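Below is one structure, written out as structure tokens; comments come after it.
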Amino acid sequence: MNIQILDSWLREYLKTKASPYEIGKYLSLCGPSFEKITKRKKDYLYEIEVTTNRVDSASVYGIAREASVILPRFGIEAKLIPIKTCYKGLFSKKVSYLEARVDPKLCKRFTAVLIRNVKIQSSPAWLAERLENIGYRPINNVVDVSNYLSRELGQPMHTFDYDKISGHLMILRQSRKNEKLTTLDGQEVILGGGDIVIEDGSEKLIDLAGIMGGKNSEVDKNTKNVLLFVQTYDAVAIRKTAMSLAKWTDAARLFEKGLDPELVKVALQKAVDFLQELTQGKADKQVLDLYFKPFKANKVEVEYNHIQKILGISLAKAEIVSIMRGLGYKANWSGDTLVVEPPSFRASDTKIGEDVIEEIARIYGYHKIPSALMCGALPEKQADSPFDFEIKLKRILKALGATETYTLSLVSKSEVSQNAYRLKNPLGNDTNFLRTSLLPSLTKAANENKGNKESYHLFEMANIYLKAGHNKLPQEKMLVAGIFCGWDFREAKGVIESLLEELHLSYRFKLEDTKNFKPSQRIIFSCKNNEIIGQFGVLEKSYIYYEFDVEKLRKYSAPFAKYQPLPKYPPQIEDLTVLLPKRTKIGDVISSIQKTDIHIYKVELTTIYKDSYTFRIYYQDPQKTLSNHEVEVVRKKVIKTLKQKFGGVIK
């Protein structure tokens, strides 16, 4: 995720003489990446990319904390200025002004404090200007404080109009399917169930927790008493809700990454200080604090030899301890074992020794670790590489006029069979299943190109994912599939036959009806032992579709054509035009002509005009050159077969 902060704001927590460009340069080498630095009047605006596992850095204070450790590595003095708060409320499990019932599985820490007799007005100019610089619209002095501190400390918070909470009761629970809530942006959302919501004493929903507050409990110009609300929610539940509703607020982006519950207390204290100063309100001395599983530091151990082996360099033990302590870790040596206790804001990201080594490496500087070129002999090329065959297959199809396309492996429920794998954490409803066929994807691609007036042929080579048994990973099956748009059936079939011939593959085919294809217009291709290798046919939407198992094509194909010596005696070739009844299967006609006499070497269909079909017949004898009389005898047998078997009329 990307965040924006001002240089002047950063320096409220970072004491250094480093220039903005030095800060950006050196932090990008060892920490979060500074994507852009923009001059804003007398200030500078940083645009910073923070990786998903480093939500602790997604704030002004988090960046200052990183800079205080990284800048000294480049000879620049830097010191972190600690967060200062004045409010000293009493944090307890019960308060007189609010009753809360909280599901501990959904909320790790739930805090709230009442601020009475507030005056709602515009925020001071400096505060409004800072919010505008980072992309927020100033609203009023209460809402602006929550937005401001969310960026400063990386802890989202929310403010309610206390008098709009019926019965001064808050119940944090999972939503029920089809419950409705109007959020602060005026949109009504219909919940799918399992979302974190808060209802009041009248059983109305007042908050879509971690995403956006409810319109019916918002702070407005008439608000007199504000309930400040700071929590840590279940990250998975927040992500699921944000994705299902497509509501990606800054709060949701922070909560979904797993925030530090220890940050809640200092964020609430800082917010109370701000609100009392800007609204002239008075905060209650008691703070409701439901902290179900308080933080306990875990220990991580890693051997000194292992650190050296992974880094490829030798670092002094004292320097390693200095780096870890600078990052807020407790670190000590027990002989040759480094024992580390991560701070609360890094506990979820530091579980094994390699996590510790990663921190040492980045602060020491990846740019300082010596690099070495790969050496040694290159591995021998596989004799029967599947990749080579796949490339060959693609080249043949492209030579036959096809255009390769790429589509997503993740599809909607309507595009898969019943036995498809469903993702537990999908990007959206249109990408929540692993596909079981390439047909829906290619059909969609064809529909998107309907504006193309000329005929075209799209193909794709990709995996489909089939059930492999309970609690097993899916069976990945590589297919090559294509779709013809605006093509004649025979021409399209000719392309497929050319493909199989280029692979030097002996095959048989038969008609077989199935779903999605028009009746009597689907061909099944098979090889030895009647093993099916693919299909070809006309879809119900009149597209022509084919699909082959790539591994089976590779299994039955040959790298070279079988050598056949040139015949000693040349063939006699002639064209025979036949008028055939409608619905005559031309494949059967060719087969019958071929079987009429042993002297018929080959039969080809050359032209079609209405119901007239011209066949090119090759007459040949391996022992001699056939005379005209001998050819005439065979021809008469062919004509007789065509008349008796198919009702054909010679033209």
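Volume per residue for segment 442-507 equals 125 cubic angstrom (convex hull of Cα atoms). With all pairs of different C-alpha atoms in the average, the Kirkwood value for the hydrodynamic radius of segment 52-144 is 17.7 Å. Its Cα gyration tensor gives the chain an equivalent ellipsoid, and the semi-axes of that ellipsoid, as √(5λ) in whole Å with the largest first, are 72, 33, 21.
Extension gain for the segment Glu354 to Lys450, taken as residue separation times 0.36 nm less the Cα-Cα distance, is 29.3 nm to one decimal. Between Asp163 and Phe292, the FRET efficiency estimated from the beta carbon spacing at R0 = 30 angstrom works out to 0.55.
The phi-based Karplus calculation (6.51 cos²θ - 1.76 cosθ + 1.60; θ = phi - 60°) puts the 3J(HN,Hα) values of segment 470-483 at 5, 6, 10, 5, x, 7, 8, 10, 7, 10, 10, 9, x, 9 Hz, whole numbers, x for Gly and Pro. Compared with the alpha-carbon gap, the fully stretched path from Asp185 to Ile81 is longer by 33.8 nm at 0.36 nm per residue.
Counting only lysines at least 8 places from Lys84 when in the same chain, those with an alpha carbon closer than 20 Å to its own are Lys15, Lys265, Lys270, Lys282, Lys285. Classify segment 381-454 from the C-alpha gyration tensor, please: rounded if a/c falls under 1.5, else prolate or oblate depending on whether a/b exceeds b/c. Oblate shape, in that a/c is at least 1.5 and b/c is the bigger or equal ratio.
Could you tell me how many degrees, from 0 to 90 and to the nearest 10, lie between the Cα long axis of helix 317-326 and the main elongation axis, the longest principal axis, of the Cα atoms of the chain? Approximately 80 degrees, to the nearest ten. Taking 19 Å as the straight-line reach from the Cα of Lys180, the lysines in range (excluding those fewer than 8 positions away in the same chain) are Lys164, Lys204, Lys215, Lys240, Lys247.
For segment 90-291, what does the alpha-carbon gyration tensor say about shape, rounded, prolate or oblate, given a ≥ b ≥ c as the root eigenvalues, a/c under 1.5 as rounded, and a/b over b/c as prolate? It is rounded, given that a/c, with a ≥ b ≥ c, falls under 1.5.
Rounded to the nearest 10 degrees, the angle from helix 489-502 to the longest Cα principal axis of the chain is 90 degrees. Ordering Val55, Val589 from the fewest to the most neighbouring beta carbons within 10 Å gives Val589, Val55.
By the beta-carbon count within 10 Å of each Cβ, the least crowded to most crowded order of Val189, Val230, fewest first, is Val189, Val230. Calculated over segment 517-556, the projected area of the Cα convex hull averaged across directions stands at 2.9 nm².
Here is how the number arises for the chain: DSSP H runs of 4 or more residues each give -39500 (n - 2.57), the sum is divided by the residue count, and the result at 222 nm is -8500 deg cm²/dmol. Neighbours of Met170, meaning other residues whose beta-carbon lies under 11 angstrom from its beta-carbon, give a summed charge of -2 when Lys and Arg score +1 and Asp and Glu score -1. Against the chain, whose longest principal axis is taken from its Cα atoms, helix 586-596 shows a tilt of about 40°. Remark: spin-label model distance Gln382-Arg137 equals 5.7 nm, labels positioned 7 Å along the Cα→Cβ axis.
In this model, which of Lys568/Lys637; Lys515/Lys602; Lys108/Lys424 are farther than 28 Å apart at the alpha-carbon?
Violating the 28 Å Cα-Cα cut-off are Lys515/Lys602.
If you take all other residues with their beta carbon under 12 Å from the beta carbon of Glu277, and give Lys and Arg +1 and Asp and Glu -1, the sum is +2.
Any idea what the relative contact order of the chain is, in percent, if you count C-alpha pairs under 8 Å spaced at least 6 apart? Value for the chain: 9 percent. Residue order for Glu454, Glu262, Glu512, fewest other beta carbons within 10 angstrom first, comes to Glu454, Glu512, Glu262. Between Ile396 and Gln418, the simple label model (points 7 Å from Cα in the Cβ direction) yields a spacing of 3.6 nm. Distance between the modelled labels on Gln564 and Val633, one decimal in nanometres: 2.4 nm (7 Å Cα→Cβ projection). Our coupling estimate for segment 250-263, obtained by passing each phi through the Karplus curve with A = 6.51, B = -1.76, C = 1.60 and θ = phi - 60°, is 4, 4, 4, 5, 7, 4, 5, 9, x, 8, 7, x, 5, 6 Hz, Gly and Pro reported as x.
Summing charges over all other residues whose Cβ lies under 15 Å from the Cβ of Asn53, with Lys and Arg as +1 and Asp and Glu as -1, gives -3. Spatial offset of segment 204-273 relative to segment 587-651 amounts to 82 Å, using the alpha carbon center of each. Here's the list of aspartates and glutamates a cross-link from Lys39 could span, going by alpha-carbon distance under 14 Å and ignoring same-chain residues fewer than 8 apart: Asp7, Glu47.
Extension gain for Lys105 to Leu315 (0.36 nm times residue separation, less C-alpha to C-alpha distance): 71.3 nm.
Whole-Hz Karplus values for segment 554-565 come out as 5, 5, 9, 7, 10, x, 9, 6, 5, 5, 10, x Hz, taken residue by residue from phi with 6.51 cos²θ - 1.76 cosθ + 1.60 and θ = phi - 60°; glycine and proline positions read x. Once backbone amide H atoms are built at 1.01 Å from N, Ile533 has Phe525, Ser526, Cys527 as its partners under 5 Å, excluding neighbours fewer than 5 places away on the same chain.
Taken together, the values in this text are just the output of simple stated rules run on the coordinates, not laboratory data. Small disclaimer: the values here were computed from a predicted structure and weren't measured. When we count neighbours, we look across all protein chains shown, and the Cβ atoms used for this are built from the backbone with ideal geometry, even at glycine.
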